[in-house]
Amino acid sequence: MEFFAQHKTYDFMKVSRFFIATTLSLALLSIILFFAKGFEYGIDFSGGTIVQLKYEQKAPIDKIREDLSKDKMFSGALISEFGSPEEIQIRFASTSGGVSEDVGDKVRSILSDSGKFDVRKVDIVGPVVGSELRQKGIMAAVLSMLGIMVYVAVRFEWSFAVASIITLVHDVAITSGALILFHVEMSLDVLAAILTLIGYSINDTIIIYDRIREELKSTKDMELMHVINTSVSKTLSRTILTVLTVFFVVLTLYVFGGEIIHGFSFTMLLGVIIGCYSSIFISAPFLKVLGFSVEGYKAKLALKEKNKIEKEKMRSQYEKGTV
Amino acid sequence: MTRGKFNYRLVIFLIAIIFGVVMSIPTFLQSEKGAKVSLGLDLQGGLHMLLGVQTEEAIKSKMKSIASSIKFFAQSGDIIIDDFRIDEELLSFTLLDKDEEKKIDEMLKTVSGLQVSKEALHYTLSLSDQEKQVIREYALSQAVETIRNRLDQFGLSEPNVAKQGNDKILVELPGIKTADDEQRARELIAKAAHLQLMAVDEKRKDRTTTMSPTEAAQYGDVILPDARGDNIRHILKEIPILDGSMLTDAKVSFSEMHQPVINFTLNSEGAKIFGDFTASNIGNRLAIVLDNKVYSDPVIRERIGGGSGQISGGFSVKEAHDVAIALRSGALLAPVTLLEKRSIGPSLGADSIKASLIALITGFVLVSVFMLVYYRLAGVVANIALIVNLFLLIAIMALFGATLTLPGMAGIVLTIGMAVDANVIINERIRELLRQGMPMAQAIEHGYENAMSAILDSNITSIITSVLLYVYGTGPIKGFAISTAIGISVSMLTAILGTHGIYQFFMPRIEKSKNLSLWFGMKRSH
């Protein structure tokens, strides 16, 4: 089976100006949204307590609210359905510092006459741990971007590295913006998804860069626009197919993976699409914006080649004993 | 039929298959023997806690025990010291007789890390920063050791107790099934088990209900509640006669009233101090204090030699048993606080396993059907590599003794999608070359060659982020990082080397065949 018209070279550069302008401003908006509104941090980062219950029948949510409101500890607690009508999640900001006292026991005794239920999960995260996890998360995100930038710079060119980082920041910003808009809570899993995206969405970019590098070596065409158009067009099928396979599995995770990893799978789903889009329309065309010059690159290649030949010449002369 | 061609790639791939299948058997059967992937707390249920160790408390208690030994030294040498007090981390006293100065100085020199400043005969003692650091570190490692001992004696399977940073302890208890067990485990961990034998201040015993703690401190006393209830109070000499560090054993037995009691034994040094004290304090009372609660305060009738004592005080049998475990495994030098706790019930874990298995199987079926339909035989080859990848992933995780968490499962599902990427890249390259009219055999070789750099670069960037996720992630996230990192690394063996080997094996047939549609799923029009 084949999906793609193979001989055609699409003019990505023609539309890229428009796409770059639109989505980079979207990314900028997301960043503003991030500073203005910020993530809704889950208890992993803000600290707090979550108790999850599963009733044998439909959970009597009103009775649960009423019973819990009588206890000071649960004042301001958010009580909501979780995944199914039998399951309930109770969430509140306070945490207890003692090892031997337990919220689970407390909930069990307060709600003892609300029906038969099972305490499935109790998560308590103290404020110190929360802020530590947040710092570590930011560190991991920044370091992985830096790591990728350095790697791309070593394997390709500096302008490739800069363009790839702009693409990555763009992807992460828009994904984060969407998370804020859709009220997806920032949890450890969502953070893991974002970090995975950083590592994954660069893949398609690298496939395209790899092709550009190859084209640059063989082509006589000095026009960067043509080189980029050819490279993106030639790699289009593999870019979309590789994203498609990952999209399939992330979709199954989203549909079948259960409520607990919804945050993770939703973020991945979103990010995979944005990452694919940006690889095609931003990462390569942005080289043009950065003023990457084909002539300069070719001159550099030629110089390298010349140096190599010179060296070999020197060596052979040396071996012959003429120097 | 043309015979296949064996090549080194295929041989390595076959070895990898055997290795992967054999090494993953213990995991699939969850057998007792052999390295296997164990399920994380979030999948099998259990308790995860991050405890903070208040190491500063250990410094204070060290000062107290230094105070005890100075007092004992002074009493046994008939040296009179006055105005003896502890203020947090400072210890001060005044020596009455200048002739004794030398003796006291000699004694103080034997205490390591002690800084002594003197104004005439008024001594102020503190610990050096270096010594404080040693105490902090020791308090942490001692707490880890103690908690581990207690949990081992409690009889839980595979408790994991580990240091985290400078002042934290990670405790993981898989397989706790009931709320009752969890409660006992938590109490056992948190129990300071700090045993002190203290003298009752007989001079001020009439004022137990009226004296304020600040007034008590002026007399060098401390007010502690009774174990039966906070409304009963005791005025005790602040500096204990001896503490639990001199304890060698603690056992549960039953009193004449059939009440459980705890018998403890002291080491020789403790026994001597205890003997001397009781000999010189006949008629006075001695308080047995556990975790700052007075359990009993019997009157001393005679000198007690042999160094053994008893704690009684309305324990239930279970309680007495747990207290004895805690005493035996030693006191926590520094109290612990709860920083993070995650307890997952077994039913939730089972649901998570089910959900992620469904996602895994569905994801696998979707991807492999897609590859088969899109690439025909090349898809079959890629799918073989994918299956081997899964086996190898599990085998290597088992070898490392990795735990499988829910995010780890998500990582495996994701690996399925990412592992075939390499084959997509290679196959698309081959198709491109075939379209240019290159013979199939040659196109395959060139396809692999050309695709290599792109695959390597993209996989390495993924591994970079996995490593950072592992370094900066916690708990289950580490599991995710491990499974994706191993999955991607293994895919380079299976998806690149393995599939190449398979093509080379079939090369004689490929060379004869002109069927691009069958081998690479291309339209016949080319």
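With a 1.4 Å probe rolled over the protein heavy atoms of all chains, the accessible area of B:412, B:223 falls in the order B:223, B:412, largest first. The range A:149-167 and the range B:351-373 have Cα centres spaced 35 Å apart.
Would you kindly calculate the mean projected area, averaged across all directions, of the convex hull enclosing the Cα atoms of the range B:326-422, in square nanometres?
For the range B:326-422, averaging the hull's shadow over all directions gives 9.8 nm².
Note on residue A:65: accessible area approximately 100 square angstrom, rounded to 10, probe 1.4 Å, nucleic acids and ligands left out.
Ordering B:323-335, A:306-318 by mean Cβ neighbour count within 10 Å, with the highest value first, yields B:323-335, A:306-318.
Looking at chain B, the accessible area is 44 square angstrom per residue; that uses a 1.4 Å probe and ignores ligands, DNA and RNA. Only Cα pairs under 8 Å and 6+ residues apart enter the sum, and on that basis the relative contact order of the range B:46-190 stands at 30 percent.
Ordering of A:28-39, A:82-93 by packing is A:82-93, A:28-39, highest average first (other Cβ atoms within 10 Å, averaged per residue). Applying a threshold of 19 Å to the alpha-carbon distances of B:64/B:109; A:220/A:298; B:60/B:163; A:106/B:163 flags B:60/B:163; A:106/B:163 as lying beyond it. Shape annotation for the range A:184-280: C-alpha extents along the principal axes are 55, 21, 15 Å, from largest to smallest.
Within the full protein context, the accessible area of residue A:188 is estimated at about 20 Å² for a probe radius of 1.4 Å.
Tally Lys and Arg at +1 and Asp and Glu at -1 over the other residues with C-beta under 12 Å from the C-beta of residue A:200: what net charge comes out?
Details: positive: none; negative: A:171, A:204, B:421.
Taking every Cβ under 12 Å from that of residue A:200, the sum is -3.
Couplings 3J(HN,Hα) of the range B:195-200, computed from phi: 8, 9, 9, 10, 7, 7 Hz, in residue order, whole Hz [Karplus 6.51 cos²θ - 1.76 cosθ + 1.60, θ = phi - 60°; x for Gly and Pro]. Amide H contacts under 5 Å for residue B:221: B:238, restricted to partners 5 or more places along the chain or on a different chain, H placed in the peptide plane at 1.01 Å from N. Of B:448, A:254, the order by accessible heavy-atom surface (1.4 Å probe, DNA, RNA and ligands excluded), from most exposed downward, is A:254, B:448. Restricted to Cα atoms, the range B:195-327 shows a radius of gyration and a Dmax of 14.7, 42 angstrom.
Taking one quarter of the surface of the convex hull spanned by the alpha-carbon atoms of chain B gives a direction-averaged projected area of 33.3 nm².
For the pair the range A:49-88 and the range B:151-183, the centres of their Cα atoms are 28 angstrom apart. DSSP finds beta bridges in chain A, and of those with both partners inside it, around 90 percent are antiparallel.
Working ranking of peptides B:18-31, B:98-111, B:53-66, B:480-493 by packing, defined as the average number of other Cβ atoms within 10 Å per residue, highest first, is B:480-493, B:53-66, B:18-31, B:98-111.
Just the protein heavy atoms count here, and of the accessible area of the range B:46-190 at 1.4 Å, carbon and sulfur take up 45 percent. In percent, what relative contact order does chain B have, based on Cα pairs under 8 Å that are 6 or more apart in sequence? Contact order relative to length: 22 percent. Temperature 20 °C, viscosity 1.002 mPa s: under these conditions the Stokes-Einstein estimate for the range A:47-124, based on its Kirkwood radius over C-alpha pairs, is 172 µm² per second.
A plus B alone minus the pair: what accessible area, both sides summed, probe 1.4 Å, in Å² to 100? Display every interim value, and only then the final one.
Working: alone 18110 and 26620 Å², together 38280 Å².
Chain pair A/B: roughly 6400 Å² of buried accessible area.
Volume per residue for the protein assembly as shown equals 260 cubic angstrom (convex hull of Cα atoms).
Return one number: the angle in degrees, 0 to 90 and rounded to the nearest 10, between the long axis of the Cα atoms of helix B:406-435 and the longest principal axis of the Cα atoms of chain B. Helix B:406-435 sits roughly 20 degrees off the main axis of chain B.
Relative to the longest principal axis of the Cα atoms of chain B, the long axis of helix B:8-29 lies at roughly 40 degrees. Under the membrane-span-like helix rule (DSSP H runs whose alpha carbons stretch at least 18 Å along the helix axis, mean Kyte-Doolittle hydropathy 1.6 or higher), chain A yields A:12-36, A:158-181. Axis of helix B:179-190 versus longest Cα principal axis of chain B: the two differ by about 60°, to the nearest ten degrees.
Derived from the Cα gyration tensor, the three semi-axes of the equivalent ellipsoid of chain A are 54, 22, 17 Å, largest first.
Across peptide B:443-455, the average count of Cβ atoms from other chains found within 10 Å of a residue's Cβ is 2. At the residue level, residue A:215 shows approximately 30 square angstrom of accessible surface with a 1.4 angstrom probe and all protein chains present. Taking amide H positions as modeled 1.01 Å from N, with prolines and chain starts lacking one, the residues under 5 Å from residue B:343 and 5 or more places away or on another chain are A:122, A:123, A:124, B:48. Cross-link pairs exceeding 29 Å between alpha carbons, from the set B:132/B:251; B:102/B:272; B:132/B:237: B:132/B:251. Structural descriptor for the range A:47-124: relative contact order 50 percent, calculated from alpha carbon pairs under 8 angstrom and at least 6 residues apart.
The orientation-averaged projection of the convex hull spanning the C-alpha atoms of the range A:188-237 amounts to 4.0 square nanometres. The range B:4-50 and the range B:254-304 have Cα centres spaced 57 Å apart.
The values are calculated or read from the model by the stated rules, or taken from the named source; none is laboratory data. If you're wondering where the values come from, they're calculated on a predicted model, not measured in any experiment. FYI the Cβ positions are ideal-geometry reconstructions off the backbone, even for glycines, and counts take in every protein chain you see. Calculation scope for accessible area: heavy atoms of the full protein, side chains included, ligands and nucleic acids excluded. Shrake-Rupley method; radii C 1.70, N 1.55, O 1.52, S 1.80 Å.
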